[in-house]
Amino acid sequence: MVSRVLQENLTFSCFRADQKEERLVLEKRLVALLVQYPLGQPSADWLGRYAASEEIRSSGVWNTQHIHAEPLTDQEFRRVEQLVKATLAEMM
């Protein structure tokens, strides 16, 4: 049910990051960014409100790994932009 709701209501962008270390750092910092600077609040019927984990209920995301990490730096954000553009160019 969660997957269906996500697919019907969200748009995802994927980008290629070949270096495993860079990929893991960017993932960690993107998760932290989304939790620490949310774009909005979970809807009233978000299933996470009923999660056993307080961290899930309070963070608004299912993944509790990295929610307290440092968010993306300006330099890392620019790197993500570069990776997204490169990935899009590969797809053309």
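This table checks each residue for (1) under 29 Å from Met1 (Cβ atoms); (2) among the polar types (S, T, N, Q); (3) modelled with pLDDT under 95; (4) surrounded by fewer than 17 Cβ atoms within 10 Å (Cβ to Cβ).
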{"site": "Pro42", "(1), (2), (3), (4)": "yes, no, yes, yes"}
{"site": "Tyr50", "(1), (2), (3), (4)": "yes, no, yes, yes"}
{"site": "Ile56", "(1), (2), (3), (4)": "yes, no, yes, no"}
{"site": "Leu72", "(1), (2), (3), (4)": "no, no, no, no"}
{"site": "Arg78", "(1), (2), (3), (4)": "no, no, no, yes"}
{"site": "Gln82", "(1), (2), (3), (4)": "no, yes, no, yes"}
{"site": "Ala89", "(1), (2), (3), (4)": "no, no, yes, yes"}
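Can you go through Gln7, Gln41 and tell me which one is over 13 Å from the mean Cα position of the chain (by Cα) and in a loop (DSSP other than H, G, I, E, B)? Lay out the reasoning, then the answer.
Numbers: Gln7 fails: in a loop (DSSP other than H, G, I, E, B).
Being over 13 Å from the mean Cα position of the chain (by Cα) and in a loop (DSSP other than H, G, I, E, B) holds for just one of Gln7, Gln41, which is Gln41.
List every residue pair whose Cβ atoms lie under 9 Å apart, where the two residues are 6 or more positions apart in sequence or sit on different chains, the first residue falls within region 37-65 and is in contact (Cβ under 8 Å) with a residue 60 or more places away in the chain, and the second residue, located anywhere, is of a type outside the set (Val, Ile, Thr) and surrounded by 13 or more Cβ atoms within 10 Å (Cβ to Cβ).
The qualifying pairs are Trp62/Leu47; Trp62/Gly48; Trp62/Ala51.
Name the pairs: first residue in region 77-92 and touching a residue at least 12 places away in the same chain (Cβ under 8 Å), second residue surrounded by 11 or more Cβ atoms within 10 Å (Cβ to Cβ) and part of a helix (DSSP H, G or I), Cβ to Cβ under 7 Å, at least 6 apart or on different chains?
From residues that are touching a residue at least 12 places away in the same chain (Cβ under 8 Å), the pairs are Val80/Leu26.
Condition first: surrounded by 17 or more Cβ atoms within 10 Å (Cβ to Cβ) and not in a helix (DSSP H, G or I). Now tell me which residues in region 16-29 satisfy that.
Within region 16-29, the first condition is being surrounded by 17 or more Cβ atoms within 10 Å (Cβ to Cβ), and the residues that meet it are 17, 25-26, 28-29.
Listed by number, the list holds a single entry, Ala17.
What number of residues in region 6-32 are touching an Asp or Glu at 6+ places or on another chain (Cβ under 9 Å) and small (Gly, Ala, Ser)?
Total meeting the criteria: 2.
If a residue must be of a type in the set (Lys, Arg) and either more than 22 Å from Thr11 (Cα to Cα) or touching a His at 6+ places or on another chain (Cβ under 9 Å) (or both), how many such residues does region 50-86 contain?
1
If I filter region 59-92 down to residues being over 30 Å from Leu47 (Cα atoms) and outside any helix (DSSP H, G or I), which single residue comes out as nearest to the chain's Cα centre (by Cα)?
Looking at residues that are over 30 Å from Leu47 (Cα atoms) and outside any helix (DSSP H, G or I), I get Thr73.
The values are calculated or read from the model by the stated rules, or taken from the named source; none is laboratory data. Just so it is clear, the model here is predicted, and its values are computed rather than measured. Every residue, glycine among them, receives a Cβ derived from its backbone with ideal geometry; neighbour counts consider all protein chains shown.
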